[in-house]
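One structure is given here, and the rest of the page talks about it.
The values are calculated or read from the model by the stated rules, or taken from the named source; none is laboratory data. All of these numbers come straight from a predicted model, not from anything done at the bench. Using ideal geometry, Cβ is built from the backbone for each residue, glycine included, and neighbour counts are taken over all protein chains shown. Just the protein is used for accessible areas: all its heavy atoms, side chains included, with ligands, DNA and RNA removed. Shrake-Rupley method; radii C 1.70, N 1.55, O 1.52, S 1.80 Å.
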Amino acid sequence: MKSKKINSLKVITSANEMQKISLAIRRKGKKKVSLVPTMGALHDGHLSLVRKAKKKDGIIIVTIFINPIQFNNKKDLEKYPSTIKKDIAKLEEVGVDYLFAPKLEEVYPKGYQTKVSVTDFKNHLCGATRVGHFDGVTSVVLKLFNITIPDYSYFGEKDLQQLIIIKQMVKDLNLPIKVISIPIVREKDGLAMSSRNIRLSKKARKIAPLIYKGLTRARDEFKKNNKVITKKIIKNLRTYYSSKNITCIEYIKIINPKDLSYPLTPDTKDYILVAIKLGSIRLIDNLKF
Ligand code: AMP
């Protein structure tokens, strides 16, 4: 058995073992299984997913796997933070039942060939520059679904495009899993929590909260005049960011989350999303109108 018991948290590294455990839980039929997939370096954003899952009073499986096939930038992968000991302590404290933390070869053994791909949605927003990223995400998430066989799976609105794509995959492939979305958890100064934040320089960390400030300004502009056109909101937000020395903007978009279309004039169901680079760190954030 490739597992180690740490208080009530069981750490599993073998996909077979994890699958056997999940199958046994499901066969008993008494408890539902909730899955929270992550790449580790856990923060309160991740833990809010776990806390929400705990409300279901079933078995909670968290996965930690830094998935190389979703990184289109080798340096970003190499520098992705890994804090497994601290992560385990946090998961124990919240009261998680299983941590599935496989090694690379366990997920992608020699000879691995299959990919899962959601077609159109992956070409927009983050997918436009991070080529291959969402195919990597859907491929690994489907594998994690098959290994952990959850009733529910939790995803953060922080990665809104990812959430939309996963929901689409679940629908398209008739997966018997309910996807539950969780609002963005922020630092006190408004910065959306992210594992990448610890890599921000002091200077970048100081201006990073202005990303969210800009989004709230854009939303306020819409609230004041709900006939304002998308183009104007985006132009004003660009001007605001550049006045604050935030110049490396990958995109500012307003989308309808149902079909990832771009409305000419937003309404209250729409979101404004940004991807911004501060130094070498790429941050994303979004806000509902
Ligand atoms: P990651 O480890 O970055 O792949 O994230 C794992 C899950 O946690 C994803 O569903 C993310 O959307 C979610 N997540 C990450 N940061 C936050 C946050 N600040 N608030 C809510 N959910 C988050």
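Here are a few things to note about the model shown:
- Residues whose amide H falls under 5 Å from that of Thr265, counting only those 5 or more places apart or on a different chain, are Thr230, with hydrogens built in the peptide plane.
- Dipole magnitude for the range 3-182: computed about the Cα centre from +1 point charges on Lys and Arg Cβ and -1 point charges on Asp and Glu Cβ, it is near 560 debye.
- Top positive-direction residue, dipole computed over the chain with Cβ charges, set Cys126, Pro183, Ser243: Ser243
- Taking the 1.4 Å solvent-accessible surface of the range 3-182 as the whole, the part contributed by carbon and sulfur is 50%.
- Taken along the Cα-to-beta-carbon direction at a fixed 7 Å, the label points for Gln113 and Val228 span 5.4 nm.
- C-alpha center-to-center spacing [the range 19-39, the range 157-233] in angstrom: 29 Å
- Accessible surface, the range 58-204, averaged per residue in Å² (probe 1.4 Å): 49 Å²
- Order by protection proxy (mean Cβ within 10 Å, highest first), peptides 87-95, 38-46: 38-46, 87-95
- Residue-wise HN-Hα coupling along the range 140-150, computed from phi with Karplus coefficients 6.51, -1.76, 1.60 (Hz; x: Gly, Pro): 6, 5, 5, 4, 5, 4, 5, 7, 9, 6, x
- Look at the dipole of the chain built from charges on Cβ: of Leu278, Pro102, Gln168, the Cα furthest out on the positive end belongs to Leu278.
- Cβ crowding within 10 Å averaged over residues, with 63-76, 101-114, 209-222 ranked highest first: 209-222, 63-76, 101-114
- Angle of helix 15-28 to the longest C-alpha principal axis of the chain, folded into 0 to 90 degrees and rounded to 10: 80°.
- In sequence order, the range 214-229 has phi-based couplings of x, 4, 5, 4, 5, 5, 4, 4, 5, 5, 6, 9, 7, 9, 4, 7 Hz under the Karplus curve 6.51 cos²θ - 1.76 cosθ + 1.60, θ = phi - 60°, and Gly or Pro positions carry x.
- Shape category assigned to the range 78-189 from the gyration tensor of Cα positions, a/c cut at 1.5: rounded
- For the range 94-102, 3J(HN,Hα) per residue [Karplus equation, 6.51 cos²θ - 1.76 cosθ + 1.60, θ = phi - 60°, Hz, x = Gly/Pro]: 6, x, 8, 7, 9, 10, 9, 10, x
- Mean sequence separation of contacting Cα pairs (under 8 Å, at least six apart), scaled by the length of the chain, corresponds to a relative contact order of 17 percent.
- Helix 44-54 vs. the chain, principal-axis angle (Cα, 0 to 90°, nearest 10): 50 degrees
- Each Cα pair under 8 Å and six or more residues apart adds its separation to the average, and for the range 16-102 the resulting relative contact order is 34 percent.
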